[in-house]
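A short worksheet on the structure shown next.
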Amino acid sequence: MEDKRQNTEYASQPLDPEQMFAALIERLQNSAHSMDLERIRAAYALARDLHEGQKRKDGSPYLTHCVATADIAVDFGLDEDSIVAALLHDTIEDTSLTHEDIQKRFGVAVADIVDGVTKLTRVQYTSKEDEQMENLRKMLMAMAKDIRVILIKIADRLHNMRTMDYQSAEKQRSKSLETMEIYAPLAHRLGMQRAKWELEDLSLQYLDPTGYWEITNSLKEKMPQLEEFMSAVTQKIQQRLEREQLHATIFSRIKHVYSIYRKMYAQKLNLDGIFDLCAFRIIVDSIPDCYNVLGVIHDMFKPVPGRFKDYISTPKPNMYQSVHTTVIGSAGIPFEVQIRTWDMHHTAEYGIAAHWKYKMGDGGALLRTGDEDKFAWVRRLLESQQESDAQDFFHNLKIDMFADEVFVFSPKGDVINLPAGATPIDFAYAIHSDVGNRMVGASVNGRIVTFDHALQNGDIVEIRTSNASSGPSRDWLNIAASGSARTKIKQWFKKERREENIMRGRDMLMDELRHHGVTLDEVLDDEIMSPILKRLCYNSPDDLYAAIGYGGMTAARAANRLRDELARIAKNEEKNAIDKIAQAAERREQEAAKQGSRAVRGILVAGLDNCLVKFSRCCTPVPGDDIIGFITRGQGVSIHRRDCENYRNRAHDPETEGRWITVSWAGEISERYLTSLTLYAKDRTALVLDIATALNSLNAKVRSLNARDDGGAAQIYITLEVNNAAELRFIMSKLAQIPGVSEVSRNNG
Ligand code: MN
């Protein structure tokens, strides 16, 4: 029952290459396109001589494969150069022929195509994850440069798959997997539906023979029914379309095995559960007819909701156009109908290759290689790729496809995608930062190369690493072509040199702060450093120093931020301190007001009892000071210090003669006396804060505090209450110790 040979549509090929080639020539003679048959015969003759004696696994001459591949190229509608190249496609790989030889006899285009196919043939695949498969497909496209290389490679693969029966089971499996994962998707991308279906079915046959034959045999059993059904439906539609005077050709088919297989697995059904086995294709002459036919079909059969798709108004990314609908036939069996024009049909069958057909159809002129405009339509096609899985497939496409990318292999067979001009350095860092950082040597295709060696598509790159490596060199930043490699190299310098960078950065920051009159210790305060680190996104002061040391942050910027923060906080504190002083002063004023001005003030005036006493504003004496009294006009006795300027200037003035009188402090004094001080200091951040803080800590009763900045020199006026001169001196000595304060003096005139 399981006679594979009979079940395989293409198995019964003639094995005589001469016969096969004669048939090919006949096909070409009968085709509408004129080709130089002598050139094709010459290619055949050369291939025959070169492959002389070589046999295929089935025992037939190797040449049969070359002719069959050329025959498929004709099926695809490829041009004369492609057919010549198809005949010669294995000569560089399997014989002594060189690119130069081919170029001499058949021109550079054919030589390049054969060379391209050879390169693709040499690529070794191992089964990988999806992402790797996508990279492999890209790599093939990139290596191909000319789309005809891919098309001939697909033809080559198709013939090999058709004749896979004689290969070992292992080879059948691995080639089928490769076909399923690489070549069928490529055919799909290129819109070559027929080739795709066949590649899928042939692969399935080896990958899951049980599944494949189950479906094939069940279909065979159902065939009489299915055929009856298909011919009944075809007839019915045909008659109706004739009545409507619509000219159309109807094809019916059973869906391809792999599509049924996938559906069975996706929906967990057996074949009986899948109704949708038949498909009909109605081909018409014009786009309006497509929609007219669609109307008729929907009138005849009940459409299944949600299954109508209009790929005419919105073509698929691979240029596929048709309208699709699924309807329910008389017996309740659903079937799909595709309606399209002949043009659309060719595109659907042959995809990208159909363009040669059209081009050749236009006056028989062959598509010329080297034509700038050669790629225009390929580009349009590829750029219109919108399927999510293919979204990035052809991005950055240039006239010379993928000119800005290069695909190379790791020794394990992974495909690594790098920017054009990439070097072993880029490769090493693409594998892993650690590989890059420890790289000491590189080889390409087994040969040792320098680090600036430019990698080519398909190169196998190997990196030698050493734990003793001292890390990347700064030059590598100029050699690497990829941003990611450069970033990783910079990261290394950042990390490896951390201690060094911290020290350097710290010094740089200290220097910079010094210009602002700030010390590092001042800004290391948590209140200042933490918010700045947070804002600049560093975790620790060391991180900040390291960044400065490395150059990721300038010392000036960090210093400015820190200084501003310091000033901001100082200002707040200053304001708080001054507010506190002001509040205390106010409170005391209120108390003083309550008590009135009585009991002035511990002063004994010689010869006078209980006279009115007040303290001069100019020198504000306090107990312990050497004092003298001055009899004012109507305002009692004013008390001055003996060292007051006013006294000294006027002591011997005739006008004041007799008015200066001796006064002295009473024995016990409980009051406080208001006095004033002036501080001279170099202005700096937080000076006033420090003064206010000192006064607070001395418990000094400050009445007011005013600062005046005079071009870097500050003068601070303080009024305060003290018990006596000793306390005042103590306060003054403390104030004099505040950094930046150059002088503290009492006001005396
Ligand atoms: Mn081959």
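The values are calculated or read from the model by the stated rules, or taken from the named source; none is laboratory data. Only a predicted model underlies this, so the values are computations on that prediction, with no experimental measurement involved. Ideal geometry is used to build each Cβ from the backbone, glycine not excepted, and the neighbour counts take in all protein chains shown. When the accessible area is computed, the model is the full protein with side chains, heavy atoms only, and any ligands, DNA or RNA have been set aside. Shrake-Rupley method; radii C 1.70, N 1.55, O 1.52, S 1.80 Å.
Contact order, relative form, for segment 498-568: 50 percent (alpha carbon pairs under 8 Å, 6 or more residues apart, mean separation divided by residue count). Size descriptors for segment 212-353: radius of gyration and Dmax over Cα atoms are 15.4, 43 Å.
Largest to smallest in accessible area, the residues 698, 88 fall in the order 698, 88 (1.4 Å probe, all protein chains included). The angle separating the long axis of helix 63-76 from the principal Cα axis of greatest extent in the chain is about 70 degrees. May I have the pair-distance distribution P(r) for the chain, computed from all Cα-Cα distances with 10 Å bins from 0 and rounded to whole percent? Reading the bins upward from 0: 2, 10, 14, 14, 10, 7, 6, 6, 6, 6, 6, 5, 4, 3, 1, 0. To the nearest ten degrees, helix 209-243 and the longest principal axis of the Cα atoms of the chain are 80 degrees apart. When you restrict to C-alpha pairs under 8 Å that are six or more residues apart and normalise by the size of the chain, the relative contact order lands at 7 percent.
Per the Kirkwood treatment, what hydrodynamic radius in Å, one decimal, follows for segment 9-206 from the mean inverse distance over all distinct Cα pairs? After inverting the mean inverse Cα-Cα distance, the result is 17.0 Å. Maximal additional length on extending the residue 586-residue 534 stretch stands at 14.6 nm, based on 0.36 nm per residue less the C-alpha distance. Over the chain, dividing the summed -39,500 (n - 2.57) contributions of all DSSP H runs of at least 4 residues by the number of residues returns a 222 nm mean residue ellipticity of -15500 deg cm²/dmol. Principal-axis analysis of the Cα atoms of the chain puts helix 687-697 at an angle of about 60° to the longest axis. Centroid-to-centroid, using Cα positions, segment 682-697 and segment 263-319 are 89 Å apart. For segment 498-568, the Stokes-Einstein estimate of translational diffusion at 25 °C and a viscosity of 0.890 mPa s comes to 213 µm²/s, using the Kirkwood hydrodynamic radius over alpha-carbon pairs.
For the chain, DSSP calls about 85 percent of its internal beta bridges antiparallel.
Take every pair of alpha-carbon atoms less than 8 Å apart whose residues are at least six positions apart; their mean separation over the length of segment 672-746 yields a relative contact order of 47 percent. For segment 266-312, the convex hull spanned by the alpha carbon atoms encloses 112 Å³ per residue. Summarising the label geometry, the points placed 7 Å from Cα in the beta-carbon direction at residue 208 and residue 606 lie 12.8 nm from one another. Ranked by the mean number of other Cβ atoms within 10 Å per residue, highest first, peptides 181-187, 343-349, 429-435, 731-737 order as 181-187, 343-349, 429-435, 731-737. Accessible surface computed residue by residue for the chain, with neighbouring protein chains in place and a 1.4 Å probe, gives 50 Å² per residue.
What is the percent carbon and sulfur in the accessible area of the chain, measuring with a 1.4 Å probe over the protein chains and ignoring ligands? Ligands and nucleic acids excluded, carbon and sulfur give 47 percent. Solvent-accessible surface (1.4 Å probe) assigned to residue 703 amounts to roughly 60 Å². Accessible area of residue 738 (1.4 Å probe, protein heavy atoms only, ligands and nucleic acids ignored): about 20 Å². Charging the Cβ of each Asp and Glu at -1 and of each Lys and Arg at +1, and nothing else, the dipole of the chain about its Cα centre rounds to 2580 debye.
Ordered from largest to smallest accessible area (heavy atoms of protein chains, 1.4 Å probe), the residues 291, 258, 44 come out as 291, 258, 44. When 157, 587, 633 are compared by accessible surface with a 1.4 Å probe, the order from highest to lowest is 633, 587, 157.
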